[in-house]
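Accompanying notes for the structure given below.
What follows is calculated from the coordinates using simple rules that are stated; it is not laboratory data. Quick caveat, the model's predicted, so the values are computed rather than measured. Positions of Cβ are backbone-derived with ideal geometry, glycine not excepted, and every protein chain shown enters the neighbour counts.
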Amino acid sequence: MSADTLPLGRLQRWMQAVIVHPGTVEQGVHASGARRLVPGSRVGDLVRPSWSLRPVERIGIYHGMYRLRMVDALGTDYPALRHFLGEETFRDLVRAYVGAHPSRSYTLNRLGDHLPGFIRRWGGRVPARAFCHDLARLELAVSEVFDGEETASLTDAEVRTVPPEAWERAILRPVAAFQRLTLGTNAAAYLETVREDRNEHPRPRRQRSSVAVYRRRFAVYHLSLSRAADELLGDLTAGTPLGKALARAIRVRRPPREQDLFRWFRDWVSEGLFRSVEFAPSV
Amino acid sequence: MANRWGFPDLGVGIGLRPVHFGAILSQSPAVEWFEVLSENYLDTGGRPLYVLDRVAERYPVALHGVSMSIGSTDPLDVVYLRKLKALADRVRAHWVSDHLCWTGVMGRNTHDLLPMPYTEASLRHVERRVQQASEILERPLVLENPSSYVEFAASTMTEWDFLARLAEEADCGLLLDVNNVYVSAFNHSFDARTYIDAIPPDRVVQYHLAGHTHKGTHIIDTHSDHAVPEVWELYRRAWQRTGPVATLYEWDEDIPALEVVVAEAQKARAYQLAAEAVAAEAAR
C-alpha cells in the first residue's frame, strides 16, 4: 500500500488517529483507530524516512507537539489549577480531557469549556476534587468574562439622574462581561494568591463563598461577596426591581445593616457591574 | 516586480502579540504594519479586539490564520470563513492568508499545520477549496508554504512545484515563509535555493521570517529566536526575484521585549538593499 492508492481522506484520518493517540506514537500507530485505516507494519510505505529519522519518528514529531500544544492551551486558561495540581497530574488530566473533549473549533480559546465538569467525573487521581472543580469553574468564568462582549457601564452621573422616587422600580441590567458563582471551597482565595504570584497559598478547605467575576477597562477582576450581598446581587442581576430586591434582603433573621446595603450598591456601580437602569411600570 | 493583484508592499512589520499590547499602544513602534492571528480575534469582545481596533487605526494590517484547513477532506467551515471576512472588513485588512495544510478531519482540530501529499488529486482538491474560500472572503486567498517534518511516499511532485501550480490554477497569492523553506529543506534534504527559484515571483504577496530550533536530527519551526544567517541569505535571494514585497518577522515563543522583535525585523532592510544592489548591477 502507498499513499497514491490511499484516498486523501483516509490518509488524513490515519495520520490524525496516530497524532492524537494518548500513548506513545508507536502505540498510536498500532492502536485500533489507526490500524483499521493502515496496518502498523505499512507506515514505511506511506511516509518516507529522512536522513536521520524513521517514518514513525517523523510522525512522532507531530504527536509530541500535539500534546504540548494541548497542555499549553489549557495551562494558559487554567494557571491556578495547573499550579495546584503540579505538572505531572495536570498533564495526565489534559491527556484524558482532550481524549474526551477534543478541540472541534477553529480557536483554542474554548478548548477548556468542559474541564470543570470533566474534573468531577474523571476516574484519575485528583487531590481535593471539589476544590479543583471550584478552581476550574472560577478560571473558566475568568476566561469567559475576558472574552465577553464589551458593554459600557452605568456611570455615577447616570445614576445621579435617577429621581429618588424612581429607585424602587429600578431594574439594573448587568454588563455582558459579568458572572456570579457560588463555590463550596476557598478556591477564590487560592486563585488570588496565584494571580498575585505569592509564595504562600491557602490549603484547600470547605467554605461556602460567592464571587462576582467582571471586567473593567478590559481587565478581569473578582469580588468576594457575603451571602447577603450575593443574594441581593443575584436578585438585581436577574431583573428584580431594586425595591423588591431590598425588601427581600432585609426579610431575613439577621438582615444587613442599611449602610452595608448602601456600600455594596455604591461599590457595584463604581466597579462597573451594571450597564443600564430601566424602570418597572408603577403598580 | 509587483504582485498581480497590486497588493502593496507594506514594508517591514511584526506580528501583533498580546504580550506587546501595552508597549504597542504606548510606544507606537517603528514598524510599518502588523500581521494579526485571525483566530485570536474572532470570538472576543475583550481587550484583544479593542487593541486590534486601535492598531488598525494607526497601522496597515493583514490577517493570518491557522485554522482554515484548506487541505482537509472535511467541508470548509463556512461560519469561520464568514467571521473571517467580517473581521477583515472591520480592520480593513490588506489581505487574508493561511497555510497550505490541513489541521484536522472528522470535525476535529489538532491545531497543527499538517502536510499534504503532493499529488494531482491533492492539487485538484485544494484548488477547488481555494476558489470556494476566496468567494466567501470576497478577496483572493494568500497561502503560505508550511514547514514540515513528514514527506509522503505518494507525492509525485515537489512542494515548490505543487505551490507554483496551485497559485496559477487556483489563482491565489503566496506568502513565502523563507524560514519554512529552510526548515523543510533540512528535514527533507533538498536545496532551499531550488525552492526559492521556482516560486512565481508575481504571486508573492508577503514574506515571513522567523527563528527555529535545531534538534540535530531535524529542525522545528518554533518562531522562538533570531533568524539564522542562512535564512536571511535566502530572503535576499527571493527579494532579488520578487522586488519589494511586504515582509514580516514572526516571534511566538519566548517572546522578547518589543524593541528586540522590531530590531530583528528591521534587519530585513539590509538584505533588501543588498538584493537591490545585485539587481541593479545585473541590469547595468
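So what are the ³J(HN,Hα) numbers for region B:36-41, from phi and the Karplus equation (6.51, -1.76, 1.60; θ = phi - 60°), rounded to whole Hz, Gly and Pro as x?
10, 6, 3, 4, 6, 10
After finding the eigenvalues of the alpha carbon gyration tensor for region B:160-271, what semi-axes result from the square roots of 5 times each, listed largest first in whole Å?
On the way: eigenvalues 105, 60, 29 Å².
With the √(5λ) rule applied to region B:160-271, the semi-axes are 23, 17, 12 Å.
Once you list every other residue whose beta carbon is under 12 Å from the beta carbon of B:Tyr59, what net charge do they have if Lys and Arg are +1 and Asp and Glu are -1? The partial results should precede the final answer.
On the way: positive: B:Arg54, B:Arg58, B:Arg92; negative: B:Glu32, B:Glu35, B:Asp53, B:Glu57.
Charge balance near B:Tyr59 sits at -1.
Relative to the compact-globule scaling 2.2 N^0.38 Å, provide the ratio for the alpha-carbon radius of gyration of chain A.
1.37
Under the definition of Cα pairs under 8 Å and six or more residues apart, what whole-number percent is the relative contact order of region A:189-264? Intermediate results must be reported in sequence, preceding the final value.
On the way: 48 pairs, mean separation 13.3, N = 76.
Taking the mean separation of contacting Cα pairs over the length of region A:189-264, I get 17 percent.
Under a Cβ-only charge scheme (Lys and Arg +1, Asp and Glu -1), can you give me the dipole magnitude of chain B about the Cα centre, in debye to the nearest 20?
That gives chain B a dipole magnitude of about 520 debye.
For region B:80-147 and region B:179-252, what is the separation of their Cα centres, given in Å?
If we compute the Cα centre of each part, the gap is 20 Å.
Normalised by the residues of chain B, what does the relative contact order come to in percent, with Cα pairs under 8 Å and at least six apart?
Value for chain B: 20 percent.
Going by a ≥ b ≥ c, the root eigenvalues of the Cα gyration tensor, does region B:16-80 fall in the rounded group (a/c under 1.5), the prolate group (a/b larger than b/c) or the oblate group? Write down the numbers at each step before the final one.
Working: a/c = 2.98, a/b = 2.13, b/c = 1.40.
In terms of gyration-tensor shape, prolate.
Quick one, can you get me the convex hull of the C-alpha atoms of region A:133-279 expressed as volume per residue in Å³?
120
Please report, in cubic angstrom per residue, the volume enclosed by the convex hull of the alpha-carbon atoms of region B:24-165.
Dividing the Cα hull volume of region B:24-165 by its residues yields 127 Å³.
What lysines could a cross-link reach from B:Lys267, if we take a straight Cα to Cα line under 26 Å and drop same-chain neighbours fewer than 8 places away?
B:Lys215
For region B:127-204, what is the charge dipole size about the Cα centre, in debye to the nearest 20, if Lys and Arg each add +1 at the Cβ and Asp and Glu each add -1 at the Cβ?
Details: 6 positive and 14 negative charges, 24 e Å.
I would put it at about 120 debye.
How big is the shadow of the Cα convex hull of chain B, averaged over all directions, in nm²?
14.5
Treat every Asp and Glu Cβ in the protein assembly as shown as -1 and every Lys and Arg Cβ as +1, leave all other atoms uncharged, and give the resulting dipole magnitude about the Cα centre to the nearest 20 debye.
2360
When all alpha-carbon pairs of region B:205-278 are counted, what percent fall beyond 19 Å?
Counting pairs separated by more than 19 Å, the tail of P(r) holds 36 percent.
Give me the percent relative contact order of region A:148-279, please, defined on Cα pairs under 8 angstrom at least 6 residues apart. Can you show the working numbers first?
Numbers: 183 pairs, mean separation 50.8, N = 132.
This gives 38 percent for region A:148-279.
Could you give each residue of region B:263-278 its phi-based ³J(HN,Hα) in whole Hz, using Karplus coefficients 6.51, -1.76, 1.60 with θ = phi - 60°, and x for Gly or Pro?
4, 5, 4, 5, 4, 4, 4, 5, 6, 5, 4, 5, 5, 5, 5, 5
B:Val150: net charge of surrounding residues, Cβ under 14 Å, Lys/Arg +1, Asp/Glu -1, itself excluded? Please list the in-between numbers first.
Details: positive: A:Arg48, A:Arg54, A:Arg58; negative: A:Asp45, A:Glu57, B:Asp112, B:Glu151, B:Glu159, B:Asp221.
Around B:Val150, the surrounding residues sum to -3.
Rounded to two decimals, what ratio of Rg to Rh does the protein assembly as shown give with C-alpha atoms and a Kirkwood Rh?
1.03
Report the antiparallel proportion of the DSSP beta bridges in chain B as a percent, rounded to a multiple of 5.
Antiparallel bridges: around 10 percent, rounded to the nearest 5.
Could I get the Rg over Rh figure for region A:25-159? Both from C-alpha atoms, Rh via Kirkwood, rounded to two places. Please report the intermediate quantities before stating the final value.
On the way: Rg = 20.1 Å, Rh = 17.6 Å.
Ratio of gyration radius to Kirkwood radius for region A:25-159: 1.14.
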